[in-house]
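Down below is the structure, laid out as structure tokens.
The values are calculated or read from the model by the stated rules, or taken from the named source; none is laboratory data. Because the structure is predicted, anything quoted here is derived from the model rather than measured. In this analysis, Cβ positions are derived from the backbone assuming ideal geometry, glycine residues included, and neighbour counts consider all displayed protein chains.
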Amino acid sequence: MKIQKRLAIFAFAVATLFSPWAPASALDEAKVHVNGIASVNASIFQIADKSGFYKANAIQIVRIVANSQAGIQGLIGGSFDASMILGLGSAAILRGAPLKIVMSFDSRPVYYLYGSKGVKSVKDLKGGKRVGVSGLGANTDQMTREVLAKNGVDPNRDVNIQGTGTGPLRLVALLGGGLDAAIFNSVEALAAKKQGLNELLFYGDYDLDIVSGGVVVRQKALLENRDFIRRFLRGTLQAFYWLKSNESEAAATLADNFKLSKSDTLEIIKATLKAYTRDGTVPRDQRERIVEFQRKQLKIEKEVSPDSIYDFSILNSLNNELHRGGS
């Protein structure tokens, strides 16, 4: 059965190269916001581009780097067709932004909290120590507040949580004394470890329902340009499945981007894939828990249905194509 599943995934990934979806000439441009952080999530778009999955679906991708807040604001304003940032994206939706999450790469956090050389435990952060997250209200902020509280540290009184931008910036600030602790993804955590900084906790050890990487788009695009969104998602889904089935080859491809050895890159990919969704969607019960977690962190009192945030209808249809192709 495992062999049949892998063959089905492979068939789906390459099918469009020889199908009516393949373009004769013109490609539709998709402007995608990425956060500029070296991560497996961000690399999916690169894989889809370099492997020809987007081209086979008549899409030409333009990856545009911006911080998370600027990216979501740009998406709302129409400067981007999609963003990879689900945490701040869903927070924006909870506050009324006309966006929808249409694909989720992960459903559990693969993040680490590192302290400076003088901070060796979470309790050492008490007394107003500065803790760096990507941005206030972002997933990194919400998760950090939750895990600090679970470790007996009041995130509102005991520490000073600061939105300090990307992981590399947080690492520089932590090394330079501008921060006392910071949250890092697996690539950044490896760099922090090599610099002699102290791992304080692994977010994956806590019961957190979080989505961080995937695809969020404007509601208007889903209504008025659904075929374009579908073709873009098909290419992204093909890369998603390719990555899950080709870890070693992906490590060789991404090692240069991460500025790491192939073995280190493979370790990061394997750790990240443990948090990945099965098919790019999240079950409804987990979506409900994610929404409740964000409502609590953002202090939003009104009831919010997961259907107002997530729309996996296109992904479900594309996955049905996969299963039919493997039958």
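Quick notes on this one:
- Residue match in region 58-65 (condition: in a helix (DSSP H, G or I) and either out of contact with any His (no Cβ under 8 Å at 6 or more places or on another chain) or at positive phi (or both)): no
- So Lys100, is it in contact (Cβ under 8 Å) with a residue 60 or more places away in the chain and either of a type in the set (Ser, Thr, Tyr) or assigned to a loop (DSSP other than H, G, I, E, B) (or both): no
- All positions within region 204-217 that are surrounded by fewer than 22 Cβ atoms within 10 Å (Cβ to Cβ) and in contact with a strand residue (DSSP E or B) (Cβ under 9 Å, 6 or more places away or on another chain): Gly204
- Flag for Leu179 being surrounded by 18 or more Cβ atoms within 10 Å (Cβ to Cβ) and under 30 Å from Ser261 (Cα atoms): yes
- Some residue of region 241-248 being charged (D, E, K, R), surrounded by fewer than 22 Cβ atoms within 10 Å (Cβ to Cβ) and not in a helix (DSSP H, G or I): no
- When residues of region 179-218 are limited to those that are in a strand (DSSP E or B) and small (Gly, Ala, Ser), the one modelled with the lowest pLDDT: Gly213
- Residue match in region 241-256 (condition: farther than 24 Å from Gly135 by Cα and of a type in the set (Phe, Trp, Tyr)): yes
- Test: residue in region 254-262 that is within 17 Å of Val34 (Cβ to Cβ), surrounded by 15 or more Cβ atoms within 10 Å (Cβ to Cβ) and in contact with a Leu (Cβ under 7 Å, 6 or more places away or on another chain): no
- Residue within region 219-232 that is touching an Asp or Glu at 6+ places or on another chain (Cβ under 8 Å), of a type in the set (D, E, K, R) and assigned to a helix (DSSP H, G or I) present: yes
- In region 122-156, of all residues being small (Gly, Ala, Ser), out of contact with any helix residue (DSSP H, G or I) (no Cβ under 8 Å at 6 or more places or on another chain) and in contact (Cβ under 8 Å) with a residue 24 or more places away in the chain, the one that is nearest to Ser212 (Cα to Cα) corresponds to Gly128.
- Look at (1) surrounded by fewer than 24 Cβ atoms within 10 Å (Cβ to Cβ); (2) in contact with a Phe, Trp or Tyr (Cβ under 7 Å, 6 or more places away or on another chain); (3) within 17 Å of Leu175 (Cα to Cα) and you find that Asp106 fails only one, number (3).
- Filtering region 60-89 to residues that are surrounded by 19 or more Cβ atoms within 10 Å (Cβ to Cβ) and closer than 23 Å to Leu27 by Cα leaves Ile61, Leu75, Phe80, Asp81, Ala82, Ser83, Met84.
- Inter-residue pairs, beta-carbon under 6 Å, first within 13 Å of Arg230 (Cα to Cα) and without any contact (Cβ under 8 Å) to a residue 60 or more places away in the chain and in region 49-71, second hydrophobic (A, V, I, L, M, F, W, C) and surrounded by fewer than 18 Cβ atoms within 10 Å (Cβ to Cβ), 6+ apart: none
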